[in-house]
1. Among the candidates A:ALA79, A:ALA92, single out the residue that is facing chain B (nearest Cβ under 10 Å), on the phi > 0 side of the Ramachandran plot and without any contact (Cβ under 8 Å) to a residue 60 or more places away in the chain.
2. Tell me, yes or no, whether the range B:500-514 has at least one residue that is of a type in the set (D, E, K, R) and under 35 Å from the mean Cα position of the chain (by Cα).
3. If you go through the range B:371-382 one residue at a time, do you hit one that is under 29 Å from B:PRO605 (Cβ atoms), β-branched (Val, Ile, Thr) and part of a helix (DSSP H, G or I)?
4. Within the range A:117-132, can you find the residues that are buried (at least 19 other Cβ atoms within 10 Å of the Cβ) and modelled with pLDDT of 90 or more?
5. Of all residues in the range B:293-318, which are within 39 Å of the chain's Cα centre (by Cα) and either outside any loop (DSSP other than H, G, I, E, B) or outside the structural domain of B:ALA234 (by TED's automatic domain parsing) (or both)?
6. Could you pull out the residue among B:ALA153, B:ALA163, B:ALA184, B:ALA198 that is away from chain A (no Cβ under 14 Å) and more than 25 Å from the chain's Cα centre (by Cα)?
7. Going by the conditions given, is B:LEU579 assigned to a helix (DSSP H, G or I), of a type outside the set (Val, Ile, Thr) and either buried (at least 24 other Cβ atoms within 10 Å of the Cβ) or not assigned by TED's automatic domain parsing to the domain that holds B:TRP58 (or both)?
8. For the range B:119-144, name all the residues that are touching a Phe, Trp or Tyr at 6+ places or on another chain (Cβ under 6 Å) and in a helix (DSSP H, G or I).
Amino acid sequence: MTLQRRSGAEVRLEGIGKRYGAVTAVKPLDLVIEGGTLVTLLGPSGCGKTTLLRMIAGLELPSEGRIFIGGRDVSRLPAGERDVSLVFQSYALFPHMTVGENVAYGLVSSGMARRAAAERAAGALESVGLAGLGERLPSELSGGQQQRVAVARALVLEPAVLLFDEPLSNLDARLRRRMRDEIRELQQRLGVTVVYVTHDQSEALAVSDRIVVMRNAEIAQAGAPDDLYERPVDVFVAGFMGEANVLPARVAAIAGGEASVAIGPLELHLPYRGLAVGPASVAVRPEAVRIGPPGTGLAGMVARATYMGAVMEYTIDTALGAVFVVSGEVGRTHAAGESVGLTLAGRGVVLVRP
Amino acid sequence: MRHVAPAWWWVAAAVGATVLPWHMQQAGLGLGDLRAFAAADPDAASAAAQAVLHGRFWFWPVLAALAVGAVGSLPPGLARPRRGALLFAGGVLGLLAVAAQGFAVGIAGWTTPRLASLFGPLDDRQFGIGLGGCVAVLGFLFQATDGLALRGAFKGDRFTAGAVGLLAFSILVFTVWPMATILAEAFAGRGDLGPLAAFAERAADRKVWGMECVSSGRSCGVAWNSLALAIATATLATLLGLCFALIVTRTGFRAKRALRLLTVLPIITPPFVIGLGLILIFGRAGVVNQIVEAVTGSQLGRWIYGFQGVWLAQVFSFTPTAFLVLIGVVEGVSPTMEEAAHTLRASRLRTFLTVSLPLMRPGIANAWLVVFVESLADFGNPIVLGGSFGVLSTEIFFAVVGAQADFGRAAMLALVLLAFALAAFFLQRAVLGRRSYVAVAGKGDGGLATPLPRGIARAAFAVAIPWAILTIVVYAMALAGAFVKVWGRDWTPTLDHFRRAFDVTPTADGGFILSGLAWNSLGTTVTLAAIAAPVTAALGILASWILSRQRFAGRFALEFALMLTFAVPGTVIGVSYILTYNVPPLEITGTGVILVACFVFRNMPVGVRSGMAAMSQLDRSLDEASATLRASTTRTLARVILPLLKPAILTALVYSFVRAMTTVSAVIFLVSAQHEMATVFIINRVINGDYGVSIAYSAALIVLMVAAIGVIHLAVGRRRLGRRAAAPAPLVPAGGRV
């Protein structure tokens, strides 16, 4: 008996905030997480994303505001009565219980008979590809397998909302990629609502329906992955969602929602995004910069060239400052000291608030 | 407790107040007799019966509080917060009413003249509370904590609320109250002196603070004696302990394991065994004296009795304690720090002096303070070897048991001792910062411990090895004394002493009588220690769980109060307990209860320490995982925390048992004819110079305790956690005995 698809519940936060004495961990914020979607809370350490997650889980009680899960006010309910499950960063598998006992633990806590719980647990283990490992102890499993046990233990309760607290941070890079795809696949198959905390932007881009970028205890920007990557609202989000060159620019004129922008000698038409005529900043993705022969576009000199296998990385000194460039043309490289001219592709360049 | 209806505790309070006999009964009684007894004898009746049938009006407030709680306990209707408020109010009122009536009416009617003038004369009296009173008090207490939880305190968790309430209440009854009694006793008026004048007179006593020893040959005040002794002992024992610790952790010495065994000694040794050993070596009939006399013809005399002797004995006794603390300190210095120093071209000696030693400094200071406090509180060695050299702990004892029986003086001396101990406690906190008594359980990062610089290693060996040998000799002598007729005079080997202590006489009808002198006290000791051990372990583990896992308003205050409790020297506890529990409302002097209470509160640090150490190795996310998996607090505790704490629990159990058997300082005040403790029996023999039986008995105790400790080492074994080796539980919790 494996897990069935169902529709996940909506999570609604209204004015949720958390203070520890004088320290504000989360400033009061509103957030709606639609049922059946995977939303990532992304941000540097100390930004409040984990506190927000723990408040949804019921491990911390909010200082103010209310939390609704599936329309029910759960703000004051303890963790066990919220119909949520949390996958911990450390997995928090009980080391003295077998894998099967771990997975069945929540079911038995909820009052299910031991035998029925064991059957359900076996089904859940099968769903995550661990059929037959129920008798092992957690310490006898590999890191990836432990991760899957943690997921199975959370999923077997068929929670309305599944929470992940940096679930992949203890895995090596290759395994991390695989597990992240598995989590996404599982979420879509079961249709469960997932709130996922991470500080890794590529992980966030890969798994999310929506990403909420947090900074200094508040939401910096929320949106679809491509929104955040291609249209960050400010320098912080641009920088956090992957590499970005922030260059000084000037908005010369605005016409029909398009701004004509001067970046040194380069001129571009960009969505104007509420900026006024005058000095501004642009965030330029490294892959949006084209390297041409000297004399074209922005003049520069290659300061450093790094061979990365699939791509080349360059640091190029220009009148506007150092520009970081990623080029797919591995066959035709530029040596350090070479003079080049830079132009910008249309995509990957965006006006931002400084 | 989440699943128990709130009314449960109200019912307990009600049963305690209306059904069970309120006061302590001399003889047991059956439930059927209750009504008959109640009608005839008010002292055998429940509080309600006493109020209704016998006109003991002081119980009406208790019953009124019950009525308030009853409204909160009614099943339907009320919202949670309001119900909580009523339960809390009823519980608190109940506790206050119980306390008020207990303190107002004693064995001679009103306890103070002011009450008599306020309410008119009272032609009645009452004794200490018994079963009914205790049940009612617990009922009221948990009803109040339930109420708090219902109002949202402690995250709404009733189990946590109850546990915190129980701890706070225990501290209040078994520490704060006795300490307040001591304070009051020190201020008690004497003759025509008022409270302040009496206090001032006692405080300025020349026998306490006199400085005559500086200018003349006379002895100084006992406070100075205690301080000087504690400083001397702490300094030497820390130095020796550091040498041992460095040898064990930083050299290739082959007998490391044997050295480590030294750390177990202070736990299994009754506190006067070292003193006995020293007497047998250096006493008037001691081996050394006899040899010196035979060779040179001169008498060494009684030099061992006095400061030197006590100092020597304490250094022998407490070096293992310092050693134990310092092993952790030296091991806590990360090898990578030293490796870093090496790569920065520091020599071994320079690394040791500039990196390792400074990193150890707080730990060394802590070890010093631990020994300082142990020396201050030590009773066994000064009483055996002190002679005319008095220290605070022995002086307190003589003030109580002596012909003078001056409780005011005892209280004053206890206050001085308490002040010293608390000063050390605050220093210790300042030195260790917030890490207080949690063992530093840092993750060891890689790297090998750097061997000691050669010069320092040599010095350490030169100091430590002779001392270790001496320690063995002292123990050997102490034990050998059990097997000769009269030490120093008649060296004929004999088992007489054992026979006298542990004789078993067969009777005519095929049974036998335990006719040995020791059986009675041994039986009492083992029984009481066995009763106290589970209580101690349970409370200690509960406290460690609360302190390390729960966050609530007042947590810091609770932790602080608990640690203060642990800092009170045993002698002070002993004196305060007899002063406090000699009279109603809690009249338990002379019973086994007072000894068990004393053991529990003296030995709880063992449970708390091992619990905290084990808990710090358990990731907090395990609790949280259990909570998000729909488990109640009790289920989390029972299924996740306690199984993982099994080694810590066993450790706490056995060590609280062992320490209850070896303690002497507090219990010497609390024993009675029916409840004689082994250590007190032995010390009385020692004081009378009857060494043979004392040594035989001590040897038997040591064997018993080694067996107990061996049993846990076997029983604890390794936790079943698969490939990863289990984190070794700290088997020997540091510090705090006497």
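The values are calculated or read from the model by the stated rules, or taken from the named source; none is laboratory data. This is a predicted model, so every value here is computed, not measured. As a convention, Cβ positions derive from the backbone with ideal geometry for all residues, glycine included, and neighbour counts pool all protein chains shown.
1. None of the other options fit; the residue is A:ALA92.
2. Within the range B:500-514, one or more residues are of a type in the set (D, E, K, R) and under 35 Å from the mean Cα position of the chain (by Cα).
3. The answer is yes; a qualifying residue exists.
4. A:ALA117, A:ARG120, A:ALA121, A:ALA122, A:ALA124, A:LEU125, A:LEU130
5. B:PHE307, B:GLN308, B:GLY309, B:VAL310, B:TRP311, B:LEU312, B:ALA313, B:GLN314, B:VAL315, B:PHE316, B:SER317, B:PHE318
6. After ruling out the rest, the residue left standing is B:ALA198.
7. Yes: the conditions hold for B:LEU579.
8. Those that are touching a Phe, Trp or Tyr at 6+ places or on another chain (Cβ under 6 Å) and in a helix (DSSP H, G or I): B:GLY132, B:GLY133, B:GLY139, B:LEU141, B:PHE142, B:GLN143, B:ALA144.
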